[in-house]
Each structure stands twice: as C-alpha cells, then as structure tokens.
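Notes follow the structure.
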Amino acid sequence: MTDQVNLKVLLEKANDVMTAFEEKKKAVEASPELKIIDELRVEFLGRKGHITGLMEHMKGLSKEERPEAGKSINVLRKSVEQTIETLKNKAENWQLEKHLSERNLDISLPADSSARKGSLHPVTLMRSALLEEFRALGFKVYDGPEVDLDQYNFSALNFKDDHPARDMQDTFFIKDRKSTVLRTHTSNIQIHAMLNEKPPIKMVAPGRTYRCDSDLTHTPMFHQIEAVVVDKDISMADMKGIVDKFLKAIFGSDLETRLRPSYFPFVEPGGEVDIQCTNCKGKGCRICSDTGWIEIGGLGMIHPNVFEAVDLDSESYTGFAFGFGIDRIAMMKYGLKDLRQLFEGDEAFLNQFPVQTNVNK
Ligand code: PHE
C-alpha cells in the first residue's frame, strides 16, 4: 500500500510539518492578522489538517512503534497550539496599537463650545443660596447622618416612646433594626452638634429627610435646613430677628412673615413660620389654599429636656432652633405650581435653571 509508513517515515513527515509551520509562522509574525492566524490553525490543527493527518498515519505503525510516534506528534501539536495562541495575542495588541495611532487625537484642541453644559438642580441652587445667607450671618455649616439611631432622631429630642411620629405609618425603620431610622427631620443634627460642640453654638445643616407619606404636597424624600443657636441669654427676640432677616434676604425686604404657636416636643415655646404667599401676594390662591400664607417650617426655644439629654446645663444656657423645608422655599422662590416637579427629573423643567449658584442676587 502506498500510504504504508514506518516510524522513520512518520517522524520525517512530522519534521516536514514542523518546518512548514515555522515558515508560515514567520510570515504571519510580520503582519499578524486574526483572520490569517485562524487559517493557519485550520491548516495544521483542523479536522483535515496536517497534524490530524499524521495521527491517521499512526494506524499503519506496529504496536511497539506507536508510543514514540504518539509522543512526538503530541509535542508537535502542543507547540503549534501554543504558538497560535501567542500569535493571536500579538495580533490583538497590534490591532489596538494601530487603531490608537490612527486616531490622531489632539488633546490640545479647544473644547466643543456647543456641548451641553447642563444645569444645577433647583434644590441645589436653593440650598447654596440659603447657606450663603447663613454664612453671612456667622453660622457654621454642619453635616449629619441621614440614617440615624432612633435616639438622635426621637428620644434625645424629647419624643416620648409612644409619640405618633415614631409610628410605622410615617417613618422608615430599617428592617430587623428597629432602633435605626431614615431621619424624619434634620433636627437630629441639633443633638449631634450639641454633643460635639461647646456653646456658643451657631450652626446650620441642610440635608435629605424621609417620611413614609406621599401625596400632592408631600414626597417621601424631601429637604430641610436646620439652624441651632445655643449660648447664654439667647431669647425669642433673637430667634425672630434671625428668621426674619434670613427670609428677607432670600425673598426680598418687603416680604411679610408671621410666627404661629405650634407644638414640637423638643422646643418650648414652639411655633411655625409662615411667609406671605409669593404667588398671590397674600390675596389667596390655590397654592396657599386661599389663606395668603405659606408654611415654611417649625421653630422654637430648645426644651430643657433636650439640653439634659446632651448634658448641657439648662439653667445656664438657652437656645433656639428652626427647621425649614428647602423644597418649599424653592417652590415659592421659583414660582413652581407643584412640589413634585422638583423630583420628576423632567429635563425641559430642569434646563430652565441657571448653572451659577447666586440665585438670590
Ligand atoms: N423638625 C421639625 C419638623 O420637621 C421642625 C422644627 C425644627 C421645629 C426645629 C422646631 C425646631 O417638623
């Protein structure tokens, strides 16, 4: 038979395959391309490839000759496989480099002036404007946790254990950790500030707050800004003066404000601040429910129990706190008809706001 081979002939054939492969490899190395490398793989390792052909020939060998032939062919196959793998990696790197060098990127070119710059969110603008006014009044800016212990959000603020605000209905508790809440107001910062600072304290803290309710005028996440002042001889007159000055700085000097008595467990006396509705100038409209006034937030003189909770002597110190809704203030300042516009992410709405932060200038 013509294809009858013995060991010597087969080893010679294997040698020829090796030489042929080496030749082709050199050519591919000069300009490695994935397509050509794959052709090479098929030619040598494929079902009808040279190396498979050598294996076929082994059938004609005697039992004694086979192991040595098998070993040689295996070594050859492994070496070809490895070389093809290396060539593939080379080709990939080569292509990447070619692509990068052809891109011709000039990083010194001026930026495209027609690119969209975006704008700051109205709540961000409002927060910056509010902080600017507080800084001008000598307040230090504080930050506090949004996820806090019940103790800071409620207990230390003189909320009794059965106070309805702790109810599952309007508070987000953390599952399996009943002592941890998403803060329901920024008043938790009063406690953190009084524990960390010695009087005189004059600080302000803006931030996100959460309550488990959602309707026309309430969103589950909203923003508040809290102010705390503690020193000797701080009076309600100081509180009223600061609140009035601050709101006039934001809304203009002809703004009317009023204080109404109200209840919060951590202040005594406590109240709420209203500003004249900027939409109807006090005449009455849909936004102010025909009252002519818009509620901006709560305030009051710090309760002696709160001073005790933070180990401050309530005989020596007095202070006040107030917490205003940033979203409410933004709504009135920018003439929004619906609070929810702030959180809908509508680009057409958001693009109306400027990029700079000094909105009240
Ligand atoms: N934390 C109160 C609220 O969210 C507002 C408030 C702040 C009242 C400070 C009094 C003093 O309703």
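The values are calculated or read from the model by the stated rules, or taken from the named source; none is laboratory data. Small disclaimer: the values here were computed from a predicted structure and weren't measured. Reconstructed Cβ throughout: ideal geometry from the backbone, glycine too, with neighbour counts over all protein chains shown. The protein model used for the area step is the full one, side chains on, heavy atoms only, and it has no ligands, DNA or RNA in it. Shrake-Rupley method; radii C 1.70, N 1.55, O 1.52, S 1.80 Å.
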Q) In this structure, is Val28 open to solvent by less than 50 Å² (accessible area, probe 1.4 Å), among the β-branched types (Val, Ile, Thr) and part of a helix (DSSP H, G or I)? A) yes
Q.
Could you check the range 311-335 and list, in sequence order, the residues that are open to solvent by 10 Å² or more (accessible area, probe 1.4 Å) and either among the hydrophobic types (A, V, I, L, M, F, W, C) or closer than 30 Å to Gly252 by Cβ (or both)?
A. Leu312, Gly323, Gly325, Arg328, Met331, Met332, Lys333, Tyr334, Gly335
**Q.** Subset of the range 314-335 (residues that are part of a loop (DSSP other than H, G, I, E, B) and in contact with a helix residue (DSSP H, G or I) (Cβ under 7 Å, 6 or more places away or on another chain))
**A.** Ser314, Tyr317
Q. Which of the residues belonging to the range 128-168 are touching a residue at least 60 places away in the same chain (Cβ under 8 Å), within 17 Å of Val228 (Cβ to Cβ) and not aliphatic (A, V, I, L, M)?
A. Glu133, Phe134, Gly138, Phe139, Lys140, Tyr142, Asp143, Gly144, Asn158
Q: Looking only at the range 246-269, count how many residues are over 21 Å from Pro200 (Cα atoms), within 12 Å of the ligand (Cβ to nearest atom) and not in a strand (DSSP E or B).
A: 4
Q.
Let me confirm something: among Gln190, Gln224, which residue is of a type outside the set (Val, Ile, Thr), closer than 18 Å to Phe324 by Cα, in a helix (DSSP H, G or I) and at pLDDT 95 or above?
A. Gln190
Q: Select from the range 185-212 the residues that are over 11 Å from Asp143 (Cα atoms) and surrounded by fewer than 22 Cβ atoms within 10 Å (Cβ to Cβ) and list them in ascending order.
A: Leu195, Asn196, Glu197, Lys198, Pro199, Pro200, Ile201, Lys202, Tyr210, Arg211, Cys212
Q. Does Asp112 satisfy being loosely packed, with under 10 Cβ neighbours inside 10 Å and of a type in the set (Asp, Glu)?
A. yes
Q: Scan the range 226-249 and give yes if some residue there is within 25 Å of the chain's Cα centre (by Cα), among the aromatic types (Phe, Trp, Tyr) and more than 18 Å from Phe307 (Cα to Cα), otherwise no.
A: no
Q) Of the residues that sit in the range 210-239 and are in contact (Cβ under 8 Å) with a residue 40 or more places away in the chain and among the polar types (S, T, N, Q), which one is farthest from the ligand (Cβ to nearest atom)? A) Ser235
Q: Mind listing whichever residues of the range 65-93 are among the acidic types (Asp, Glu) and either in contact with a strand residue (DSSP E or B) (Cβ under 9 Å, 6 or more places away or on another chain) or assigned to a helix (DSSP H, G or I) (or both)?
A: Glu68, Glu81, Glu85, Glu92
Q.
Can you go through Ser179, Ser128, Ser113 and tell me which one is polar (S, T, N, Q) and in a helix (DSSP H, G or I)?
A. Ser128
**Q.** Members of the range 297-308 that are part of a helix (DSSP H, G or I) and more than 15 Å from Pro199 (Cβ to Cβ)
**A.** Asn305
Q: Quick one: Val243 ticks every box in (1) within 16 Å of the ligand (Cβ to nearest atom); (2) in contact with a helix residue (DSSP H, G or I) (Cβ under 9 Å, 6 or more places away or on another chain); (3) in a helix (DSSP H, G or I); (4) not small (Gly, Ala, Ser) except a single one, so which number is it?
A: (2)
